[in-house]
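Worksheet for the structure shown next.
Here, each number is a calculation from the coordinates, and none is a lab measurement. Here the structure is a predicted model, which means the values were calculated and not measured. Every residue, glycine as well, gets a Cβ built from its backbone with ideal geometry; the counts of neighbours run over all protein chains shown.
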Amino acid sequence: AWINSGQGLKPQTRSVVNSLLSGALAGALAKTAVAPLDRTKIIFQGRQQHFSHEAYRLIYRTYLKDGFLSLWRGNSATMVRVIPYAAIQFCAHEQYKRLLGGYFGFQGKALPPVPRLLAGSMAGTTAAMLTYPLDMVRARMAVTPKEMYSNIIHVFVRISREEGLKTLYRGFTPTILGVVPYAGLSFFTYETLKKMHAERSGRPQPYSYERLVFGACAGLLGQSASYPLDVVRRRMQTAGVTGHTYGTILGTMRDIVAEEGVVRGLYKGLSMNWVKGPIAVGISFTTFDMTQILLKKLYQLRYNNR
């Protein structure tokens, strides 16, 4: 009904709706696929012990102790955050591309490199600003036993009552500082690879497996560039339940480096990100593109049958 109700949605409105729906589905599928790896990474980012093969042992021990579905603990909180985050990010990216394209005179065409990077960074920043408290809740649920927080609402209530409302935005600054290079490089890499592919192959649209590869490359570059700030963000978010006190970004970085070193501290869990990141981002970008194409075809089919 939403594809063509009454006289039909205006093209711009339809584009926004399509982007929101496609982005929501893309985020949900991608995060669910890597949820066990994501939870394990968050746990190790918040600890001082070394990552390495212990992370994969933790997954196995969790499975033996609590069952298969326990590997997805906190995934409901992740979905509550990821669905609006991904919907906003992908939709914002499409709108920023359109606005920047009009401003720089590239309307309907691939953007030049700098505006292409800027569109991704602005999209990620917009989504992060609007959904940050949900990310905080997800981090808390990932590192605490299920007896501590019974559900998402319980996390909000306890944090607000025991630690204050401002705790819901603890780690917000490193998040934004990390999102700028992460989202910027991810979208930039994916869009650039698609543009290069179209120029060299003569095909305007890549195959699905090619989109997965392009997305994997995008995830690898984006997450590697922003990873230390991701570790700092998790430490600040989980400080209330891990017994540490982290104040500023630089202070947190200093503490981590002093206690654990640069590689084993600021880059703890990066090896797992090199596994889950390309998978998640590849699935995300591919799902978004393919859903967009499907929705446009459905609308066209319905329009032609009127």
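List of remarks:
- Loop-resident GluC sites (Glu not before Pro) (DSSP state other than H, G, I, E or B) in the stretch 80-179 with no more than 14 further Cβ atoms inside 10 Å of their Cβ: 147, 163.
- The stretch 72-142 and the stretch 245-301 have Cα centres lying 13 Å from one another.
- Loop-resident chymotrypsin sites (Phe, Trp or Tyr not before Pro) (DSSP state other than H, G, I, E or B) in the stretch 72-156 with no more than 16 further Cβ atoms inside 10 Å of their Cβ: 106.
- When the chain is treated as a Gaussian network with alpha carbon springs shorter than 10 Å, the biggest mean-square fluctuation among 97, 166, 194 belongs to 166.
- Here is how the number arises for the chain: DSSP H runs of 4 or more residues each give -39500 (n - 2.57), the sum is divided by the residue count, and the result at 222 nm is -26000 deg cm²/dmol.
- The mean sequence separation of alpha-carbon pairs under 8 Å and at least six residues apart, normalised by the residue count of the chain, gives a relative contact order of 26 percent.
- Cα long-axis angle, helix 11-33 against the chain (0 to 90 degrees, to the nearest 10): 40 degrees
- Protection proxy ranking of 290-301, 177-188, 219-230, 196-207, by the mean of other Cβ atoms within 10 Å over each peptide's residues and highest first, is 177-188, 219-230, 290-301, 196-207.
- Computed from Cα positions, the angle between helix 75-104 and the longest principal axis of the chain comes to roughly 40 degrees.
- Nearest-0.05 FRET efficiency for residue 12 and residue 195, computed from C-beta distance (R0 22 Å): 0.40
- The stretch 149-277, relative contact order in percent, only Cα pairs under 8 angstrom and at least six apart counted: 27 percent
- Two-site label geometry, residue 59 and residue 297: point separation in nm, points 7 Å out along Cα→Cβ: 3.3 nm
- With Cα atoms, 0 to 90° folded angle of helix 35-45 axis to the chain main axis: 40 degrees
- Two-site label geometry, residue 162 and residue 69: point separation in nm, points 7 Å out along Cα→Cβ: 2.6 nm
- Chain lengthening between residue 225 and residue 304 when straightened (0.36 nm per residue, less Cα-Cα): 23.8 nm
- Here the stretch 130-221 has an Rg and Dmax of 19.5, 60 Å, counting Cα atoms alone.
- Relative counts (whole %) of C-alpha pair distances in the chain, using bins that are 20 Å wide: 32, 55, 13, 0
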